Every structure is written in C-alpha cells, then in structure tokens.
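S.K.: Got a structure for you, written out below as structure tokens; questions coming shortly.
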Amino acid sequence: MNSTKANTPARPQQKVAPDSERRLLQIKDTRVWYTTVAGEAKVVDGVNVTINRNEVFGLAGESGCGKSTLVEGVLRLIKSPGYIKSGQALFTYPKDGNAGETTVNLFELGLGEIRPLRWQHIAYVPQGAMNSLNPVMRISDQITDAILEHGNSTKADATKNMLHRLEMVGLPPSVARMYPHELSGGMKQRVTIAAAVTLRPELLIADEPTTALDVNVQRVILQELLDIRKELNLTIVYVSHDMAVHAELADRLGIMYAGAMMEVGTTSQIFKDPLHPYTQGLIRSIPDISKERVRVEGIPGLAPSPLAWPTGCRFHPRCQFAKDVCRRVEPLLTETKPGRQVACHIYTDAWNEKSPGGTVQ
Amino acid sequence: MLKRHPIFAYYLRKLITYVFTIWGAFTITFFLFRLLPSNPVDAWVKTLERQYAVQQSSSVANTAAYYKEQFGLNGTLGEQYVRYMYQVFVKGNLGPSFVNYPDPVQTLIMKRLPWTIGLLGTSVILSWVAGIVIGLLAGWFRETRFSGAITNIAISLSQIPAYLIALLLVLVVGYGLKWLPTRGAWDAQYSIGFTLPFILSVLQHAILPATAIVIVSVAGWILTTRSLIITLLGEDYLLYAEAKGLKPWNIMRRYALRNIMLPQATGLALTLGAVMNGQLLIELLFVYPGLGDLLNLAINVYDFNTVLGVILISIVSVMTASLLIDLALPLIDPRIRTQIQST
Ligand SMILES: Nc1ncnc2c1ncn2[C@@H]1O[C@H](COP(=O)(O)OP(=O)(O)OP(=O)(O)O)[C@@H](O)[C@H]1O
Ligand code: SF4
Ligand SMILES: [Mg+2]
C-alpha cells in the first residue's frame, strides 16, 4: 500500500465535520502516568480525540501503547501508583432525564459524583472478561446488582431486564443461574456485553472484547455488538490492536502510538489513505486471509518505553522517513482537513522546505 | 454408582479419611503413653512407699494387680490395646479415671467440657469475627496510616507467645490493678446454678483468659484477612464491580467479604487444633476448670485413661470441624463443586 500525499485528494471525502452538537466525549491533552522506582511511566502522554454520538470509534495501536490506560482514565478506574496527570474528558449527557444536557469534566468529578454516571451513562466491557466476573456469584446477581444500584427498579424488573439483555447477545436464560466457571470464554464475553447495556448507556467502552476468542466466535459477537448498537442507539469506543476487526466495525479510527494519538480519520480514510508512517506500517501488517500463510510484514524496531519516550516524534527511531527535525521537534496532532488529523512533520509545510524534492517515497 | 456420583465419592473419601485419621492419631497416642516408664498404679505405689514407708508386700502387690486390672493395664500391650479399643469404641466407655477414682473418665470430661467450650468457643469466634472485620478494613484502606499501624501491631502481637500475654494480664490487670479475678471460673461464694450472680461471676472470670486468647489469635486473622483483601483488590472483577458503579460499601460486602469467607472459614477449622493447645496453657495459668486443667492433672499422675479421653475429645472435635468444612465446601463454593464433578 503506497501512502503518499499525492493521492490524498483522489479519495472520496466523507462528511465528518466535527460539530458541537455531535460531540459526546472530548478528550483533551490527557496524561495518565504511573509512578515507578525508575521514574514516571508516561503511559498516556497527551491524547486529544473527540468521540461523536452514535459512532463506533475504534481505538487502535500496538499492544502497550496505552489504549486501555486511556479508557480506564476516562472511566476513572486508574489505581495508584497510576494517576491522571492532566487533561480533560468532557462528557455530555442528559443529567436528569430529559431536562436538557450537561457537560462535565470526568477528571474533575469526585468519586461519589462519578459513581452515578457509571453504567447509566458510561458502561464498560473490560479487557479480559475471563476474570471480570466474580467466581462465586451467579451471573444473574452480577448483572442485576448494577441495575438495582442505579435508579429504583424492583428486583422483578431487574431480572426481566437482565434476561432480555442475555437474549440480545444470544444467551439462553439458563445462563443466569450459572457461575462464571461454567461458561466458555465467548459466553463470558457475551455476559459482559449484556451487562453493559442493561441501563442503555450513552457511551459503551469496549476494551478488546473479542481478542481472546477464536475467529468464528469473534465474528458472531461483533455482529451482535453491531445489532445492539443499532437497536439501542449506542456510541461505542472499541479498543483493539487488531486492524482487521476495526475495518469491519469502526466508523472512525484513532491510531495511538507511545501514549499519544498519531492519526484520526474515518475508517475508509485510514485504510485507503493512511497518512502517518506508523499507520501505514500497521495496515501493511494486517494478515491477508485470502492468501494462505502470507508472511506478515511487521513494523521493524521495538516499541519504546513509557519511562523515556523518544525525543521529538516518538516514532522516529522506527520511521523510515525520519529527518533531523523529527528527532528535535514533537509533531502536533493537526487537522489536514475537517475530521482528519495527523501528527507527523511530513504534512507540515516546513517538511518540503527543508528537503526539497520530497524524500517521501 | 460411584462413578456416576462424584460428589458422593468425594463425601465417602472424606469420611474414610476422617475415620482413619482419628483411629491413627488415637492409636499413636495410646502406645506413646503405654511406652512411658511408668503407669498410674506403679507411680501410686511408689508414692505410697515413699510417703508412708510401706513395704513391698503381697497385699500391696495384690492391690496393685487389682487396680491394674481396673485400669486395663494387665496383659500384653496388644491385649491392652484391643481391650481398650473395644471398650471405647464399642461400649462407649472411656474407663475409670485415676485422678478422681472411681468416676469414669467421661463423667469428668462432661463436667469440664462446658467450661472449655464456653471459653474457647467464645474467644475463638470473637477473635475470628474481629480479625476479619479489622483485617477487611486494613486491607481495603491499605494506603492509610490506620492500616499501617494496625498491621504493625498485629505483626508484633503475632510474635508474642500466648502465655506471656496471659501472664501480663494476670500481673497487671489481676494483681496490679485488681480489676478482675485471675483464678477459677466463678466465685466460690455462689453455688452453681442459673442465677444472675453466678452468671455474672462466670463472665467476670472469663474476661481475662478470653482476652488472652483473643489478643493472641486475632492478630493472625487480621494479617491473613488483610493480605487476602489486598490480593482481591487486584482482581479484575473488583475493578469491574467498581466500573458498574456499585457503592464501595456494597463492593466490600458483596464482593470482598463474600470472597474471603471461604478461605477464612476453612482456616478457622484448621487452626482449631492449634488453638486447643494454646487453651491448655491459658487454663493452667488461670486455674480454669476446663479440659486443659484436667489434662495437666492427669499427666502428672500417669492417668492414661483420662489423658487418652481428653486427647480423643480434642482429636474428634478438631477432625469433625474440618470434616464439616470439607463437606460444606462444595455446597458453598461452586468452583469446588465443578472440580469434584469433573474428576
Ligand atoms: N503500575 C504500572 N507502573 C508502570 N507502568 C505501568 C503500570 N501499569 C501499566 N503500565 C504500563 O502501561 C502500558 C500498558 O498500557 P495499556 O495496558 O494501556 O496498553 P494497551 O494499549 O491497552 O495494550 P494491550 O493491547 O496489550 O491491551 C505498559 O507499557 C505498562 O508498562
Ligand atoms: S514526524 Fe518524522 S519520524 Fe515522526 S512519523 Fe513523521 S516522518 Fe516519521
Ligand atoms: Mg489493553
């Protein structure tokens, strides 16, 4: 796949103009750090991204780039020695039923204030559903306890709700009476999806919900997720390192690398015309299932350590286009056109001035 | 049948283990004591000889032989063993005691058992509950100064032997401050009965020995509960519970407490034996009329029947407690149930 600036205009443009009406979650300059003996691990280090209503936003990037940490930060689930260093997460939601919408900064809320937002407005499908269910509680209790905690539904209503959601993800009612160890991995994953939509949240954050599953189960669950999304009008942030899954599911994509957002665009933009050299590498590494046993071209080099990100552009040690400016100056995430952003010096005017003739490709 | 009902096989296995362990432990104790260089009758004769200068005579020998027969000390070791086992397990008779001849051992034990069970049961349950509650809080708020202080205190306490704490209590609270009685189980001025003064006196007498046991055993429960909770807090399902927006109090109750109950209930049964040993010393120090005190009396005069009776009671109660836990586990823990069913 050739990625050049030259063929950018040839791609069909999609209308993705960010419009404040459509904004659901706006993450600004967010940093989530961990204190370690070796210094601060800057696992998430300056992320900017906006999630729009009713979209599936795919959060992509290699393992360890900070995807989970970012969403756990938004959910306020970061535990010591981790902490939210700085930033904003502006979330817009109907606070008291239909009495209009409120925007809050999730990072500023006290834990008592964030608690009522959880599950009712922001639900979570955790990475590793295998261990997310309490081994000594029945499935039914683990779904209804959240329903009963929020609002004032009766036990009978909660049970009805629970069984309905189980049905939505294709699980028989008998599952409700079971314990987690009696379920397969795929069934547990379905349980966490069913549980997450019981209160019809505005935002569903799903962290690698299918990564541990075999391809067939993965397919079925993705389809169920899409169906649920349509039925309930959900906005989904879908976290995965698997670009093939994103291609099937996501409307828009954010590509993370080394704790920062490298590129944002619609899924078709990203796949047809990846701008960032890292994105280009990611897409090249997707195994082609139409050919058997193709050798997958990975991105050469190792992921850097959050204890000391490379200076300038974090990707420069692995980038084939890196120039002097890349080692010195950190490129900012800038808009190349509405809804399309990239953090790379190649797309700044300074690039060609400094190296006339264009070294790109 | 056995193959089709793994739970039944599991129960059967546990039951067989139970019977054999009791039998084995009891047999070992039997022979250990018979191998001692003396026995109650010989020791008694020797004492008589020393105290009253009684000469070896045929009448003394006859009397000794008579009592040896009474205590089952005649014949070979094998004969004694078979006779004794038959008498205990078939006829349900522990034989006459020597310390209080001719009362049968079971009468003596029944008189003292309530005191031991009362003191031990109350203090063990008290320290178990208190230890779990304190340990739960110390683990939950693990980064606070409260938790650090509690942990340090508990670690220090767990290093101090029980008798030292008991001695300290006796000296300081009993003799020094004279707040509480330190000897016996009730004040001799009241006769035993279901009367208020007697009950109050019993409670008053139980405070110091019970405190000694609680102080010593609570530290262990605090430390184990705290570390169980800290491990639990790292579990994905606790983070998930928080993500669901459950109130911290509900997470603590429905997730944390519930999940540590299994190991802690098992632990309670397992430590019962150790607690019994500690109880013995405590009873000695406080002259408490329980089984520990009786065992002490009996050992001093080689009263095999009483010693074996007390030990049998201890073995049976500890083993029964752990058997009950084993039998209850599959009912409480769904994982164990499945594990058993799949083997
Ligand atoms: N307590 C901690 N102290 C220091 N670093 C930590 C700590 N916890 C996590 N990290 C770092 O955070 C990074 C992992 O981030 P995260 O789990 O968000 O990545 P991810 O993109 O979700 O990866 P994956 O695809 O494997 O889920 C790792 O580099 C890890 O070293
Ligand atoms: S800024 Fe430079 S090093 Fe970084 S991705 Fe762009 S070209 Fe490569
Ligand atoms: Mg992750």
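Bear in mind that the values in this text are calculations on the coordinates, not laboratory data. Computed from a predicted structure; not experimentally measured. Note that each Cβ is placed from the backbone with ideal geometry, even for glycine, and that neighbours are counted across all protein chains shown.
S.K.: Residues with beta-carbon under 15 Å from that of B:Leu108, excluding B:Leu108: net charge, scoring Lys, Arg +1 and Asp, Glu -1? Don't skip to the answer; put the middle values down first.
M.R.: Details: positive: B:Lys111, B:Arg112; negative: B:Asp103, B:Glu283, B:Asp293, B:Asp303.
Residues near B:Leu108 contribute -2 overall.
S.K.: While we're looking at this one, here's another question. Once the Cβ-Cβ distance between A:Ser80 and B:Asp236 is put in as r, and R0 is 25 Å, what FRET efficiency do you end up with, to the nearest 0.05? Walk me through the numbers before you get to the answer.
M.R.: On the way: r = 17 Å, r/R0 = 0.68.
E(calc), rounded to 0.05, equals 0.90.
S.K.: In addition: Take every Cα pair under 8 Å in chain A that's 6+ residues apart, average their separations, divide by the length, and report that relative contact order as a whole percent.
M.R.: Working: 645 pairs, mean separation 73.5, N = 361.
20 percent.
S.K.: Right, next: List the pairs from A:Lys42/B:Lys244; A:Lys79/A:Lys160; A:Lys85/A:Lys160 whose alpha-carbon separation is above 32 Å, in the order I gave them. Mind showing how you got there, number by number?
M.R.: Numbers: A:Lys42/B:Lys244 27 Å; A:Lys79/A:Lys160 34 Å; A:Lys85/A:Lys160 42 Å.
Too far apart for the 32 Å limit: A:Lys79/A:Lys160; A:Lys85/A:Lys160.
S.K.: Taking only C-alpha pairs under 8 Å that are 6+ residues apart, what is the relative contact order of the stretch B:113-299 in percent? Walk me through the numbers before you get to the answer.
M.R.: Numbers: 203 pairs, mean separation 65.4, N = 187.
Computed value for the stretch B:113-299: 35 percent relative contact order.
S.K.: Further question on the same structure: Show me A:138-144, B:32-38, B:296-302 ranked by packing, highest mean number of other Cβ atoms within 10 Å first.
M.R.: Working: A:138-144: 21.4, B:32-38: 11.6, B:296-302: 17.3.
Top to bottom by mean Cβ count within 10 Å: A:138-144, B:296-302, B:32-38.
S.K.: With viscosity set to 0.692 mPa s and temperature to 37 °C, compute the Stokes-Einstein D of the protein assembly as shown, Rh being the Kirkwood radius across alpha carbon pairs; µm²/s, no decimals. Working shown, then result.
M.R.: Details: Rh = 31.5 Å.
Answer, rounded: 104 µm²/s.
S.K.: Same structure again: I want to check the label-to-label distance for A:Asp29 and B:Met261. Put each point 7 Å from Cα in the C-beta direction and report it in nm to one decimal.
M.R.: A separation of 5.1 nm, rounded to one decimal place.
S.K.: With r as the distance between the Cβ atoms of B:Leu12 and A:Ala38 and R0 = 45 Å, compute the FRET efficiency 1/(1 + (r/R0)^6) and round to 0.05. Can you show the working numbers first?
M.R.: Values: r = 56 Å, r/R0 = 1.25.
So, using R0 = 45 Å, E works out to roughly 0.20.
S.K.: Hey, another quick one. Convex hull volume of the Cα atoms in the stretch B:113-299, per residue, in Å³?
M.R.: With only Cα atoms used, the stretch B:113-299 gives 143 Å³ per residue.
S.K.: Quick one: compute the contact order of chain B, relative version, from alpha carbon pairs under 8 angstrom and 6+ residues apart, as a percent. Walk me through the numbers on the way to the answer.
M.R.: Details: 349 pairs, mean separation 94.6, N = 343.
Once normalised by length, the contact order is 28 percent.
S.K.: Let me ask something else about it. Hey, in the protein assembly as shown, which Cys have no second cysteine's beta-carbon closer than 4.7 Å?
M.R.: A:Cys65, A:Cys319, A:Cys344
S.K.: So, one more: Starting from the Cα-Cα distance between B:Ile155 and B:Lys111, subtract it from 0.36 nm times their residue separation and give me the gain in nm to one decimal. Could the numbers behind the result be given before it?
M.R.: On the way: separation 44, 0.36 × 44 = 15.84 nm, distance 3.73 nm.
Between B:Ile155 and B:Lys111, full extension yields an extra 12.1 nm.
S.K.: In addition: Order A:323-331, A:196-204 from most to least packed using the mean count of other Cβ atoms within 10 Å.
M.R.: Details: A:323-331: 16.2, A:196-204: 22.2.
The peptides rank, most packed first, as A:196-204, A:323-331.
S.K.: I would also like to ask the following. Within 10 Å of each Cβ in peptide A:126-138, how many partner chain Cβ atoms are there on average? Round it to a whole number, please.
M.R.: So the per-residue partner count for this stretch is 5.
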